[in-house]
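See structure below.
The values are calculated or read from the model by the stated rules, or taken from the named source; none is laboratory data. Because the structure is predicted, anything quoted here is derived from the model rather than measured. Positions of Cβ are generated from backbone atoms using ideal geometry, with glycine treated the same way; all protein chains shown enter the neighbour counts. Note: accessible area is taken over every heavy atom of the protein model, side chains too, but ligands, DNA and RNA are not part of it. Shrake-Rupley method; radii C 1.70, N 1.55, O 1.52, S 1.80 Å.
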Amino acid sequence: MTSTNTIAEPVRPGPDATLLAVHSVDEFVFSVPNLEEARHFYTSFGLDVRNEDGALALYTFGHPHRWARILPGATKRLLWLSLGIHATDEQRFEQHLEEQGISRIAPPHGAGTGGLWIEGPDGLPIELRVADKSSPSQPAPREYPPQHGNFGRSPSRSKAQATRPLYLSHILLFSADVDQAVRFYEDILGLRLSDKSGSVIAFLHSPHGSDHHLIAFAKSAGLGLHHSSWCVPSIDAVGIGTQQMAQAGYGQGWGVGRHVLGSNYFRYVRDPWGSYAEYSYDIDFVNAGDQWPSADHPGEDSLYVWGPALPDDFITNHELPVRT
């Protein structure tokens, strides 16, 4: 199997002047009580973890983009979300927000002063900022085992390379009202529904081209970050990542399995705060300009085709106060 830890930058199409939509999750920012725990977890996961201005910054090896920052805080908590827009859309978004009656807010403490700051569903501060498109503009790389021949085709365990994700595929957020969140991200931010299951879970993509979902929502009593999902190039990378995280002390999670909605093979690794980082391989892709055949699916089709049983607390929002 050919091993690749970098992703070549594709030729990206120019923005469609008829669209007004965010194109990427430019950065998500959350706090944790112990940065060294976070450093160990995400370094073990295969990310390039850097110190930046008293925080941890998450990069993928071979890619210049900063996908996330982790700040010190009393608890694990999603702080804000920065979404990328094209430079040609900045004034249009300002006008659109005004027409929709969406008030501007001050940036959260620790955030930059640029961009257009608004309050999203569940009180989440959202920044719309001019940025290069970091969401994929073509399907993710896929590596396959060699064709049959007079030799063993499996990689040697002694020579297997550690899994290093290629890029951030998507994030899944908790919301007290999934339907309301979907309407906001469609009507205000221009995303489009890929698929959903009732009012329990929903998946949205960018019409500028993205994986099956750029952002997803799951029902809870309030805001939270359930997981970040990271593209890897093969099913072996999912398996090796599962193994490397178990060896690093992170054996809890869900998978290996395969989703129905999105089609990707997965392994969710539980982090020290009860949320997850996902290795994702071979997710569906929505090309710019395509109309995805979105649908409302039964509950049994909202999670997986095959895999181990879902952990009892998998859809638990650990950012909410514990009820006594």
Failed criterion for residue 58 (all others in (1) free of Cβ contacts under 8 Å to residues at least 12 places away in the same chain; (2) surrounded by 17 or more Cβ atoms within 10 Å (Cβ to Cβ) hold): (1)
Given (1) more than 26 Å from residue 275 (Cα to Cα); (2) touching a strand residue (DSSP E or B) at 6+ places or on another chain (Cβ under 8 Å); (3) open to solvent by 60 Å² or more (accessible area, probe 1.4 Å), index of the condition residue 102 fails: (3)
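Can you go through 194, 199 and tell me which one is in contact with a Phe, Trp or Tyr (Cβ under 6 Å, 6 or more places away or on another chain), over 23 Å from residue 42 (Cα atoms) and polar (S, T, N, Q)?
Numbers: 199 fails: in contact with a Phe, Trp or Tyr (Cβ under 6 Å, 6 or more places away or on another chain).
On inspection, the qualifying residue turns out to be 194.
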Index of the failed condition, residue 69 passing every other in (1) within 19 Å of residue 272 (Cβ to Cβ); (2) of a type in the set (D, E, K, R); (3) surrounded by fewer than 11 Cβ atoms within 10 Å (Cβ to Cβ): (3)
Residues of segment 37-71 that turn out to be assigned to a strand (DSSP E or B) and more than 27 Å from residue 242 (Cβ to Cβ), as a count: 4
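How about segment 146-178: which of its residues are of a type in the set (Lys, Arg) and surrounded by 18 or more Cβ atoms within 10 Å (Cβ to Cβ)?
Let us first name the residues in segment 146-178 that are of a type in the set (Lys, Arg), namely 153, 157, 159, 164.
164, the sole residue that qualifies.
Yes or no, residue by residue, for (1) buried (at least 22 other Cβ atoms within 10 Å of the Cβ); (2) touching a Lys or Arg at 6+ places or on another chain (Cβ under 6 Å); (3) modelled with pLDDT of 95 or more:
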position: 112; (1), (2), (3): no, no, no
position: 124; (1), (2), (3): no, no, yes
position: 130; (1), (2), (3): no, no, yes
position: 144; (1), (2), (3): no, no, no
position: 192; (1), (2), (3): no, no, yes
position: 202; (1), (2), (3): yes, yes, yes
position: 207; (1), (2), (3): yes, yes, yes
